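Trainee: Here's a structure for you.
The values are calculated or read from the model by the stated rules, or taken from the named source; none is laboratory data. None of these values were measured; they are calculated from a predicted model. Please note: Cβ atoms are built from the backbone with ideal geometry, for glycine as well, and neighbour counts cover all protein chains shown. Quick note on the areas: whole protein, heavy atoms, side chains included, nothing else; ligands and nucleic acids left out. Shrake-Rupley method; radii C 1.70, N 1.55, O 1.52, S 1.80 Å.
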Amino acid sequence: MADLLTINIPDLGEVEEAEVIEICVEIGQKVESEDPIMVLETDKAAMEIPASVDGIIKTIKVSVGDIAKTGMPFVDIETIHQNKNIDEKIDSNKLPDPIKDIEENTLAAKTETQIHNTTTQPTNYQNSSIHSGPATRKLAREFGINLNEVKGSGPRGRILKEDLHSYVANRLNNNTQSGFQQTQPDVDYSKWGEVKIDKLSKFQKTASKNLHTSWINIPHVTQHDDADITDLLDLRKKLNIEHNLKVSPLAFIIKATVETLKLFPIMNTSLTADLLSIVQKNYFNIGIAVDTPDGLIVPNIKNTQDKSILQISDEVFKLAELAKNRKLKVDQLKGATFTISSLSGIGGKYFTPIINPPEVGILGLSKTFNHLSMENGELRESKQMPVSLSYDHRVVNGAYAAKFISELSNQLNKTQFLEEIFHDT
């Protein structure tokens, strides 16, 4: 006989809730266990929730725009051959932990003492009358926040992580003369003509918070230079013709960057949360900023040091497609050690890329231009690529950054080496 099985949303990790942004099936549709039923969106990633069993969709209990939580029933499936171990199978669909907001790492170490000094009531993390999830209470403990003092913005006054972030910012701004408050003039623009208001997406809101946090917490310095890539472009053209491929210059640049990072390892480090130590990393996960309709997303290529240029090219293409289609997995967004942001296909000449914490450096690439120079009394034309290296001045000094840029130009011209690792490492 057929059994009607209700499938619940699996464990979302530390995420308390996620928005339903897509329903992938219809009532009456036959599905297999791995087929996606819906897509949930957190602050930085979209994730598919599978059916978990083979069967026929009888009832869909959620709609686009609903807020989903762990354990919530979302679909009824009629299954003829029910797997007796179905509960184990559903549990196996536990989603990876979501990316923590940058504020949790950057604000906790700096603000805990100040918050303790200004809190006048006994700290209460466990009051059952306060509506908040375990992850929010944990963050409150880390910040030393009395939840009685926090106004919740969630349903029925539920306290969200964002409310804690706002609370911290307000306390710092109100109790320190040097506090920086993010403000925007409240202007009625309709007085001068017709206007339209579009709300920011979750991605855009998160990007705004993260960029602001990075800018006010990290002393940015940007080193600009031009890199001669004439020989590199000639090599690329030659290899593409020989192998009937279309490998972009970015793949070569990523490999040359990794070789440079090996010689300048401080650029591949991170500060610890207490800002007292530096974490040395013996791997190179290169983040690539991808422009999508929802804004910039930065997935990363794991262990780039072990990959050939052709493998790097394939991964760049794959990650870009996943980012544009909002199919990236959480792990593909975590663990970067250094980031490259390329505007070379668009235009411009030099910019100041903002560091992606906890990294200490980011390389910006602009559009290549033709350059004329005199060498040994002869006029020479070359292809120059503007490069902009932003670095955390708490970790990297100016001389070290200038040497890094100089060595990168050197690595970009090691065409024999780049040709040797085109296919193999």
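Rundown of residues vs (1) in contact with a helix residue (DSSP H, G or I) (Cβ under 6 Å, 6 or more places away or on another chain); (2) surrounded by fewer than 21 Cβ atoms within 10 Å (Cβ to Cβ); (3) at positive phi, yes/no style:
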| residue | (1), (2), (3) |
| --- | --- |
| Glu381 | no, yes, no |
| Ser388 | no, no, no |
| Asn397 | no, yes, no |
| Ala401 | no, no, no |
| Gln411 | yes, no, no |
| Lys414 | no, yes, no |
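Trainee: Of the conditions (1) open to solvent by 40 Å² or more (accessible area, probe 1.4 Å); (2) without any contact (Cβ under 8 Å) to a residue 60 or more places away in the chain; (3) in contact with a helix residue (DSSP H, G or I) (Cβ under 9 Å, 6 or more places away or on another chain), Glu19 fails just one. Which one is it?
Mentor: Only one criterion in (1) open to solvent by 40 Å² or more (accessible area, probe 1.4 Å); (2) without any contact (Cβ under 8 Å) to a residue 60 or more places away in the chain; (3) in contact with a helix residue (DSSP H, G or I) (Cβ under 9 Å, 6 or more places away or on another chain) is unmet by Glu19, namely (2).
Trainee: Quick one: how many residues across the stretch 337-351 are assigned to a loop (DSSP other than H, G, I, E, B) and buried (at least 22 other Cβ atoms within 10 Å of the Cβ)?
Mentor: Restricting attention to the stretch 337-351, the residues satisfying the condition of being assigned to a loop (DSSP other than H, G, I, E, B) are 337, 343-351.
Still in the running and buried (at least 22 other Cβ atoms within 10 Å of the Cβ): 337.
Residues meeting the conditions: 1.
Trainee: Taking the condition at pLDDT 95 or above and open to solvent by 40 Å² or more (accessible area, probe 1.4 Å), does Ile354 pass?
Mentor: yes
For every residue, the table says whether it meets (1) modelled with pLDDT under 90; (2) among the basic types (Lys, Arg); (3) within 18 Å of Ala323 (Cβ to Cβ).
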residue: Glu19; (1), (2), (3): yes, no, no
residue: Ile23; (1), (2), (3): yes, no, no
residue: Ile27; (1), (2), (3): no, no, no
residue: Met38; (1), (2), (3): yes, no, no
residue: Thr42; (1), (2), (3): yes, no, yes
residue: Ala46; (1), (2), (3): yes, no, yes
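Trainee: Can you give me the ranges of the strands (runs of 3 or more DSSP E) entirely in the stretch 247-332 with at least 3 residues that are open to solvent by less than 20 Å² (accessible area, probe 1.4 Å)?
Mentor: Ranges flagged: 286-288.
Trainee: Regarding Ile57, is this residue farther than 26 Å from Pro299 by Cβ and in a strand (DSSP E or B)?
Mentor: On the way: farther than 26 Å from Pro299 by Cβ: yes; in a strand (DSSP E or B): yes.
Here the answer is yes, as Ile57 does meet what is asked.
Trainee: Quick one: in the stretch 357-379, which of the residues that are among the acidic types (Asp, Glu) and open to solvent by 50 Å² or more (accessible area, probe 1.4 Å) is modelled with the lowest pLDDT?
Mentor: In this case the residue turns out to be Glu375.
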